[in-house]
Amino acid sequence: MKSALGLIETVGLTAAITALDAATKAADVKLVGVEKVIGVDKLVSVTINIAGEVAAVKAAVEAGVAAGNK
């Protein structure tokens, strides 16, 4: 079994939490890190790092992106 690292980048903490919730519910992945950057116009960019098996990470990232874009 190969492991993978998936990244989901959002603007805003609420979108990041929504994406992480959907990702962890969609597949067996673990949160391994969160990076927060305050950028131009005080916008907060949040990058979520998740890890697991390749197929699980792919499914989790797709679900997280879909939820974060709503």
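Placing unit charges on the Cβ atoms of the charged side chains and taking the dipole of region 21-70 about its Cα centre, the candidate lying farthest along the positive direction among Val57, Leu31, Ser45 is Ser45.
Between Val40 and Glu62, the simple label model (points 7 Å from Cα in the Cβ direction) yields a spacing of 3.3 nm. Working from label points 7 Å from Cα in the Cα-to-Cβ sense, the Thr47 to Leu7 distance is 0.4 nm.
Residues in region 47-59 carry Karplus couplings, in order, of 10, 9, 10, 10, 9, x, 5, 4, 5, 5, 5, 4, 5 Hz; the curve used is 6.51 cos²θ - 1.76 cosθ + 1.60 with θ = phi - 60°, and Gly or Pro positions show x. For Lys58, the accessible area of its heavy atoms, probed at 1.4 Å with every protein chain present, is near 130 square angstrom.
Dividing the helix sum by the residues of the chain, where each DSSP H run of 4 or more adds -39500 (n - 2.57), gives a mean residue ellipticity at 222 nm of -13500 deg cm²/dmol. For the chain, the calculated P(r), taken from all Cα-Cα distances in 5 Å bins from zero up to the bin holding the longest distance, is 4, 21, 30, 22, 13, 6, 3, 1, 0 percent.
Taking a sphere under 15 Å around the Cβ of Thr10 and counting the other residues whose Cβ falls inside, with K and R at +1 and D and E at -1, yields a net charge of -2. Net charge in the neighbourhood of Ala26 (other residues with Cβ under 11 Å of its Cβ; Lys, Arg +1, Asp, Glu -1) is -1.
The values are calculated or read from the model by the stated rules, or taken from the named source; none is laboratory data. None of the values given here were measured: they were computed from a predicted structure. Glycine also receives a Cβ, built like all others from the backbone with ideal geometry; neighbour counts cover every protein chain displayed. These accessible areas exclude ligands, DNA and RNA; they are computed on the full protein's heavy atoms, side chains included. Shrake-Rupley method; radii C 1.70, N 1.55, O 1.52, S 1.80 Å.
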